[in-house]
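What follows is a set of notes on a single structure, which appears directly below.
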């Protein structure tokens, strides 16, 4: 899921025209060593925090169906995680950095939810909204100065971008649908019969009785109560129903 969010952000910034004109897009940590190797204008999108939104956690399973309406499996509800990104721009002059950062901010605040066309993999399969918040303030996780301190670099203008995305739950596949009736075999007490010379290999051994397959062709719908619906049963002779005459 994390790499799919990275790809959605890359496509969003690319569609906004920010990666043209020689501008590069990087997801590396903007350390001092990394910055010293920059020789082109760069937008850094650095993931520095992952936290679960426990208020959205659910239990249970949901059925999955194919195009014919047959159950193909069960999947647990997804769990939601907040991904925190530190977005910065790197050029040779502060004025150019501010201009590029302003264009990046304009592109990110234009959407509150990542467009479905930008989602890939499990994010596209789930079809859930992936929200995006650029420049807001979150009460959870480290502050921006703490992140810069951990990176060992100097504080510079940056955007705090947070994406709330679902992580798909495990899937339990269903067995193949039942297409044939049950086979019933009868035999003597014990389930087998010792008969010399009548075994499968011509010698003595258990003999398997021929089976009879039960089919349900032409069966009627038992109704909402299924096969547990109440049925009228005849009473033994000499007994009568309560409130009725003797039968």
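Take residue 55 and tell me if it is at negative phi and surrounded by fewer than 11 Cβ atoms within 10 Å (Cβ to Cβ). Talk me through it step by step, then tell me what you get.
Values: at negative phi: yes; surrounded by fewer than 11 Cβ atoms within 10 Å (Cβ to Cβ): yes.
So residue 55 passes the test.
Only one of (1) within 22 Å of residue 159 (Cβ to Cβ); (2) surrounded by 11 or more Cβ atoms within 10 Å (Cβ to Cβ); (3) modelled with pLDDT of 90 or more is not met by residue 35, so which one is it?
Against the list (1) within 22 Å of residue 159 (Cβ to Cβ); (2) surrounded by 11 or more Cβ atoms within 10 Å (Cβ to Cβ); (3) modelled with pLDDT of 90 or more, residue 35 comes up short only on (3).
Filtering segment 126-142 down to residues that are under 20 Å from residue 89 (Cβ atoms) and assigned to a loop (DSSP other than H, G, I, E, B), which residue is modelled with the lowest pLDDT? Talk me through it step by step, then tell me what you get.
Filtering segment 126-142 for residues under 20 Å from residue 89 (Cβ atoms) gives 132-136.
Still in the running and assigned to a loop (DSSP other than H, G, I, E, B): 135-136.
Working: 135: 78, 136: 73.
Out of the qualifying residues, it is 136.
Quick one: which of 41, 30 is touching a helix residue (DSSP H, G or I) at 6+ places or on another chain (Cβ under 7 Å), over 18 Å from residue 147 (Cβ atoms) and modelled with pLDDT of 90 or more? Outline the logic, then answer.
Details: 30 fails: over 18 Å from residue 147 (Cβ atoms).
That would be 41, the only listed residue that is touching a helix residue (DSSP H, G or I) at 6+ places or on another chain (Cβ under 7 Å), over 18 Å from residue 147 (Cβ atoms) and modelled with pLDDT of 90 or more.
Out of (1) surrounded by fewer than 16 Cβ atoms within 10 Å (Cβ to Cβ); (2) under 25 Å from the mean Cα position of the chain (by Cα); (3) within 14 Å of residue 108 (Cβ to Cβ), what's the single condition that is false for residue 17?
Here residue 17 meets the rest and fails (2).
Looking at (1) under 24 Å from residue 8 (Cβ atoms); (2) part of a loop (DSSP other than H, G, I, E, B); (3) modelled with pLDDT under 90, which one does residue 147 not meet, given that it meets all the others?
Of the numbered conditions (1) under 24 Å from residue 8 (Cβ atoms); (2) part of a loop (DSSP other than H, G, I, E, B); (3) modelled with pLDDT under 90, the odd one out for residue 147 is (2).
The values are calculated or read from the model by the stated rules, or taken from the named source; none is laboratory data. Computed from a predicted model, the values in this text were never measured in an experiment. Ideal geometry is used to build each Cβ from the backbone, glycine not excepted, and the neighbour counts take in all protein chains shown.
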